[in-house]
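One structure below.
The values are calculated or read from the model by the stated rules, or taken from the named source; none is laboratory data. Bear in mind the structure is a predicted one, so any value in this text is a computation, not a measurement. Cβ coordinates were reconstructed from backbone atoms using ideal geometry, including for glycine residues, and neighbour counts include every protein chain displayed. All accessible areas refer to the heavy atoms of the entire protein, side chains included, with ligands and DNA or RNA removed. Shrake-Rupley method; radii C 1.70, N 1.55, O 1.52, S 1.80 Å.
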Amino acid sequence: MEKLMLRSLWRSRDCLQGKSYDGLPEAFKFFIEGQFRTIDVDGDGSIGLEEFRLDCVSRMAYPTIEALDNAFKAIAEGGTLTLARYKELYAEFMSNPDEGCVACNLFGPLPVLD
């Protein structure tokens, strides 16, 4: 189900360009907030470094733990990732075609495909 939803989100990326979180369709907002709650394992309302690492490695392998830590440092504020920041970054990831934007770190370091 998650993979299907992500594929649908990806196809919708062109129509989302330049939109903030508030401009996203309600279904996307529901999905994004659900993803945050899934990653926030301890339920404290923010994603810490350990939770971020666990989420990233559940999707793919990384060459070093430092790669994950650097991605987290790029998106975290004060050592955590709040729901508000997560929403902002997710919307930026969906709406910004720049593959070098900070939001691209939201899912861990993304590999370059040749």
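For the stretch 57-100, with all protein chains present and a 1.4 Å probe, just round the carbon and sulfur fraction of the accessible area to a whole percent. Within the stretch 57-100, the accessible surface is 54 percent carbon and sulfur. Hey, got a sec? Which GluC sites (Glu not before Pro) in the stretch 16-114 land in a DSSP loop and have at most 12 other Cβ atoms within 10 Å? For GluC sites (Glu not before Pro) across the stretch 16-114 that sit outside H, G, I, E and B with at most 12 neighbouring Cβ atoms in 10 Å, the list reads Glu99.
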